[in-house]
Amino acid sequence: MTTIHRKKLKELSDREEHRFMVQHPRSAALYKAAQNSLLGGVPMNWMKKWAGAFPVFVKSAKGAHFTCVDGRDYVDLCLGDTGAMTGHSPDEVVEAVAKRAREGLTLMLPTEDALYVGEDLKKRFGLPYWQFTLTATDANRFSIRIAREITQRPKILVFHYCYHGTVDETFAGLKDGVVGPRRGNIGPPVNPAMTTRVVEFNDLNALEDALKHHDVACILAEPAMTNVGIILPENGYWKQARELARRYGALFIADETHTICAGPGGCTAEWKLEPDMLVFGKAIGSGIPGAAYGCTEEVAQRIAARIHLEDCDVGGIGGTLAGNALSLAAIRATLEHVLTAKNFEKMIALAVRFNDGVSAEIKKYGLPWNVQRLGCRAEYTFCEKPPRNGGESAAASDFELERFLHLYALNRGVLLTPFHNMALMCPETTAADIDLHTRIFAEAAQELV
Ligand SMILES: Cc1ncc(COP(=O)(O)O)c(C=O)c1O
């Protein structure tokens, strides 16, 4: 197996940093000017973490490509970290949004689009009842509240190195087997050990031990982990995990925000998961803020028994703009025209092409890396075998190497998802886009070894 020499990596990274600066003078100037009014010079703090001295400022985006203010074109394999898995600004959604924008944006009253969307989601995921929020974070937060309320239990259970948005309870991790705040947790309201149990993915014994306390309201989980590399469930894992949740009275909330990449009904439909609740955000409105959470008939009845009309506006579930007319118009058009079975077929075939291409180069250069795929999403990790859980995957992360590969790709016209090595396909991604990435990946590998 080939080892990466750190000195060589540093030299190559410095060269790429320089190239990035030369290629992006306008972005550099905007970033400098932004220091005067934006905290840290960016609209959101994590934008500072992109590879390169500053983030690339975008001029416009359409389909699988975008152009930066320096006039450079990029293949976008990040696609807004799934927010634009539909491709940027799909025509049907743009038309629906423009029409709705002329006819009223938000009213605190329902529009007919909500009914279409409810019926569509019901068919996709098999859950009969739906509610809407503006973000997947909120959909997760409200699902957790409901789970706590109807089970009358205080804790939730998540997997080590999960990510479900900025949900306080989920910023917990394991250190030497003990639950505590995850590294970098900013101003946690309480020690998350009070609210959360954490176990490793793919470990049924650990899951059962945690559930045996009978204080877990819900398991909040991605059916396959996607935020610390792609970690697939082992054969039979979910069948047994699901059974354990039932046995110990915990609800199972499937967060399909990313795993929707598996197909039109996410992993829930592909793997027949039968969750009690389900969350789907980001791509659901092609980038117009919106998210949905659904529940079973049984959960709906338990909600009805405990949540009363008089208090429903101040019960901690809400949001003035939640379920607004614009959001629902965008979601309807996205479900009707973009996240279709036909488009998924195309996107998944492209992800297979990505996987095959990258995998062949990894082999050719003898790199101790692997590439995993879930539907139209693929990702490489810096370890020989696909990790089984979050701990293993995090142990294989390599910040310097990752930044180098991202910057190398960016400098040659390909945007990867920041903070991990993820590539996502949209309906307008082409085989040529994928092959460009494979060529660049191969060049980087060649230079590294
Ligand atoms: C699995 C999963 N759920 C929920 C979220 C939260 O989405 P949002 O930031 O749009 O609220 C994310 C964000 O990355 C996610 O990866």
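The values are calculated or read from the model by the stated rules, or taken from the named source; none is laboratory data. Just so it is clear, the model here is predicted, and its values are computed rather than measured. When we count neighbours, we look across all protein chains shown, and the Cβ atoms used for this are built from the backbone with ideal geometry, even at glycine. Note: areas computed on protein heavy atoms with side chains; ligands, DNA, RNA excluded. Shrake-Rupley method; radii C 1.70, N 1.55, O 1.52, S 1.80 Å.
Some values worked out for this structure:
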item: Relative contact order (percent, whole number), the chain, Cα cutoff 8 Å, 6+ residue spacing; result: 24 percent
item: Sorted peptide list for 5-12, 51-58, criterion being average Cβ within 10 angstrom, highest first; result: 51-58, 5-12
item: Antiparallel content of DSSP bridges confined to the chain, in %, to 5; result: 65 percent
item: Counted charge near LYS62, where neighbours are those whose Cβ lies closer than 12 Å (Asp, Glu -1; Lys, Arg +1); result: -3
item: Segments 218-227, 314-323 sorted - mean Cβ within 10 Å per residue, highest first; result: 218-227, 314-323
item: Local electrostatic count, LEU328, Cβ distance below 13 Å [Lys/Arg +1, Asp/Glu -1]; result: -3
item: Per residue accessible area in Å² of region 1-159, where ligands, DNA and RNA are left out and the probe is 1.4 Å; result: 54 Å²
item: The chain: calculated mean residue ellipticity at 222 nm from DSSP helix runs of at least 4, using -39500 (n - 2.57); result: -12000 deg cm²/dmol
item: Å² of accessible area per residue within region 201-321, as computed with a 1.4 Å probe and no ligands counted; result: 40 Å²
item: At most 16 other Cβ within 10 Å, DSSP loop - trypsin sites (Lys or Arg not before Pro), region 174-246; result: ARG183, LYS212
item: Whole-number D in µm² s⁻¹ for region 4-62, Kirkwood Cα-pair radius fed into Stokes-Einstein, 20 °C, 1.002 mPa s; result: 167 µm²/s
item: Portion, in percent, of the accessible area of the chain that falls on carbon or sulfur, probe 1.4 Å; result: 54 percent
item: Kyte-Doolittle at least -0.5, axis length at least 24 Å by Cα - qualifying DSSP helices, the chain; result: 341-364, 431-448
item: Surface accessible to a 1.4 Å probe, per residue, for the residues of region 328-416, Å²; result: 37 Å²
item: Furthest towards positive pole of dipole, ALA136, LEU107, ILE4, structure part the chain, Cβ charges; result: ILE4
item: Under 11 Å, Cβ to Cβ, from ALA254 - net charge with Lys/Arg +1 and Asp/Glu -1; result: -4
item: Kirkwood-based Rg to Rh ratio, region 299-417, C-alpha trace; result: 1.16
item: Part-to-part distance (alpha-carbon centres) for region 273-329 and region 137-175, which is given in Å; result: 16 Å
